[in-house]
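Before any comments, here is the structure.
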Amino acid sequence: MTTITKGAALRIALAAKALEEVEPRAFTIKLAEKLGLPITEDKLANITVADIKLLLTGEETIEPDQDMASIKLAVRYLWGENGDDADVPKPEAYVDGELSDSLRVAVASNTGENLDGHFGSAPRFLVYQVGKTAIKLVDVRATLIADEAEDKNVARSQLINDCQIVYVQSIGGPAAAKVVRAGVHPVKIPTVTPAREAIARLQAVLDAPPPWLAKIMGVEARSLAQFATEEED
């Protein structure tokens, strides 16, 4: 008797990638203990966030501080989503140099046009060109290829190394160091936020940037310490 269907195996593989540091075989075994054999798509469709948290507690299949964003994304994959979100926005037409004195900003996104992704597990980065007069979505970059690399955090950093800033819901210390080495400044916003709303706050201070942003832009810093305290990672 088949112990796991092909479709279920694909869902589990995607979920394991979403959960940083998880060992796929150990994760599959825990799911089998929870659901019973054979593991099928119908059984996986009933898995909840609470189930995953319980499965992984006390086991060495995952880091103890695994973030909720990654767990929720893993559950979506177990339910049958494959990262091809129908609500993913389409890039706008853009010609290099069209927005003078602009920044390029990446946003880790799990769903739609939201800032709701963990750096190491988000299925895509939304890439915006941010000028004083306009914000344009210029690219949507899937991370699946990067996750095949030996060091996926390095590969993800290289995927956005033409950006000056990356907004994330969360990011671990080692991953943040690799992002910085790629020349990108990570900014954490823990709550789920529409991407354009977060970027509009950045756009609003381009004329008078706080010290961290002024350094990125190569201009003189002005007094906006409160913004830096709230936004800088």
Across the stretch 15-37, the tally of residues that are surrounded by fewer than 16 Cβ atoms within 10 Å (Cβ to Cβ) and either in contact with a Gly (Cβ under 7 Å, 6 or more places away or on another chain) or charged (D, E, K, R) (or both) stands at 5
For the stretch 144-185, the count of residues that are part of a loop (DSSP other than H, G, I, E, B) and surrounded by fewer than 17 Cβ atoms within 10 Å (Cβ to Cβ) equals 8
Can you say whether L73 is closer than 17 Å to R201 by Cα, not in a loop (DSSP other than H, G, I, E, B) and not charged (D, E, K, R), as far as the supplied structure shows? no
Taking first residues from the stretch 160-188 that are assigned by TED's automatic domain parsing to the domain that holds H118 and without any contact (Cβ under 8 Å) to a residue 12 or more places away in the chain and second residues anywhere that are of a type outside the set (G, A, S) and buried (at least 21 other Cβ atoms within 10 Å of the Cβ), the pairs with Cβ under 8 Å that are 6 or more apart or on different chains are V180/P186
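I'd like to know if the stretch 146-157 contains one or more residues that are in contact with a Ser or Thr (Cβ under 7 Å, 6 or more places away or on another chain) and farther than 22 Å from W212 by Cα.
Keep residues of the stretch 146-157 that are in contact with a Ser or Thr (Cβ under 7 Å, 6 or more places away or on another chain), which gives 156.
Then drop every residue that is not farther than 22 Å from W212 by Cα, which leaves 156.
Checked against the condition, which is being in contact with a Ser or Thr (Cβ under 7 Å, 6 or more places away or on another chain) and farther than 22 Å from W212 by Cα, the stretch 146-157 yields at least one hit.
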Any chance the stretch 197-212 includes a residue that's modelled with pLDDT under 90 and buried (at least 20 other Cβ atoms within 10 Å of the Cβ)?
-> yes
R141: passes all of (1) more than 24 Å from M217 (Cβ to Cβ); (2) assigned to a strand (DSSP E or B); (3) among the charged types (D, E, K, R) but (1)
Scanning the stretch 1-51 residue by residue, those more than 17 Å from W79 (Cβ to Cβ), assigned to a helix (DSSP H, G or I) and touching a strand residue (DSSP E or B) at 6+ places or on another chain (Cβ under 7 Å) turn out to be A32
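On the given criteria, is D116 among the acidic types (D, E), at pLDDT below 95 and not assigned by TED's automatic domain parsing to the domain that holds M217?
It is false that D116 is among the acidic types (D, E), at pLDDT below 95 and not assigned by TED's automatic domain parsing to the domain that holds M217.
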Regarding A106, is this residue closer than 14 Å to V179 by Cα and crowded, with 24+ Cβ neighbours inside 10 Å?
-> yes
D207 vs (1) more than 20 Å from A93 (Cβ to Cβ); (2) part of a strand (DSSP E or B); (3) of a type in the set (D, E): all pass except (2)
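Could we say that E59 is within 26 Å of D116 (Cα to Cα), at pLDDT below 80 and assigned to a loop (DSSP other than H, G, I, E, B) here? Don't jump to the end; show me each part of the working.
Numbers: within 26 Å of D116 (Cα to Cα): no; at pLDDT below 80: yes; assigned to a loop (DSSP other than H, G, I, E, B): yes.
Answer is no for this residue.
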Any residue in the stretch 144-165 that is at pLDDT below 90 and β-branched (V, I, T)? yes
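The values are calculated or read from the model by the stated rules, or taken from the named source; none is laboratory data. As the structure is a computational prediction, the values presented were derived from the model and not from experiment. Reconstructed Cβ throughout: ideal geometry from the backbone, glycine too, with neighbour counts over all protein chains shown.
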